[in-house]
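Encoded as structure tokens, the structure appears first; notes follow it.
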Amino acid sequence: MAKSWRHMNGYSNHTYVWVNTEGVRFWVKCHFKTDQGIEFLTQAEADRLAGVDGDYHRRDLFDSIKKGDFPSWTLKMQIMPFEDAKTYRFNPFDLTKVWPHKDYPLIEVGKLTLDRNVTDFHTEIEQAAFEPNNLVPGIGLSPDKMLLARGFAYADAHRARLASITRKFR
């Protein structure tokens, strides 16, 4: 188990399409590489925490930000030319496959830094509705069947969940 959320990488399991200003399309995968370094709990530590402190990871992140130790992740992308997907040696949209870095090396594009904690848990956490079909212009869904299903289903799930939360707080 990761020592904390600050000490683990994050990845887009799904493949997305990027379209540049000239209309050229590319397939992309995101890699958020922790700048804190990868660290793990021992099995004994993980077993103990699982039984006594279910909020350990959330509190670790909150406390780190509160004391000004802002965790960050370097965003790296794998970019596949659009036409490569048609003849690639495996289905590049398959969730169970990882694109080899030798074929599509990681390209550093930015950094994500968490530099403040939430001030209103209900508004900033409970009402958050992340869904893969809320996309900015230039980003689209790939033909990954799981992603397409999530794009369809998550919007309804969030509307139902948020409606029940709103009713609860009236």
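Of note:
- Selected residue [within 30 Å of residue 163 (Cα to Cα), open to solvent by 60 Å² or more (accessible area, probe 1.4 Å) and of a type in the set (A, V, I, L, M, F, W, C)] from 70, 26, 40, 62: 62
For every residue, the table says whether it meets (1) closer than 18 Å to residue 77 by Cα; (2) of a type in the set (A, V, I, L, M).
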| residue | (1), (2) |
| --- | --- |
| 105 | yes, no |
| 114 | no, yes |
| 118 | no, yes |
| 146 | no, yes |
| 150 | no, no |
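- Within the range 95-110, tally of residues that are hydroxyl-bearing (Ser, Thr, Tyr) and either loosely packed, with under 12 Cβ neighbours inside 10 Å or within 30 Å of residue 158 (Cα to Cα) (or both): 1
- The residue that is farthest from residue 17 (Cα to Cα), counting only those in the range 75-94 that are assigned to a loop (DSSP other than H, G, I, E, B) and either touching a Pro at 6+ places or on another chain (Cβ under 7 Å) or open to solvent by 60 Å² or more (accessible area, probe 1.4 Å) (or both), is 89.
- Some residue of the range 44-53 being outside any helix (DSSP H, G or I) and open to solvent by 50 Å² or more (accessible area, probe 1.4 Å): no
- Residue pairs whose Cβ atoms lie under 9 Å apart, separated by 6 or more positions or on different chains, with the first residue in the range 110-129 and closer than 18 Å to residue 60 by Cα and the second of a type in the set (Gly, Ala, Ser) and surrounded by fewer than 12 Cβ atoms within 10 Å (Cβ to Cβ), are 115/68.
- Qualifying residue in the range 111-121 (condition: open to solvent by less than 80 Å² (accessible area, probe 1.4 Å), in contact with a strand residue (DSSP E or B) (Cβ under 7 Å, 6 or more places away or on another chain) and part of a helix (DSSP H, G or I)): no
The values are calculated or read from the model by the stated rules, or taken from the named source; none is laboratory data. Values in this document were obtained by computation on a predicted structure and should not be read as measured data. Using ideal geometry, Cβ is built from the backbone for each residue, glycine included, and neighbour counts are taken over all protein chains shown. With ligands, DNA and RNA removed, areas are computed over all heavy atoms of the protein, side chains included. Shrake-Rupley method; radii C 1.70, N 1.55, O 1.52, S 1.80 Å.
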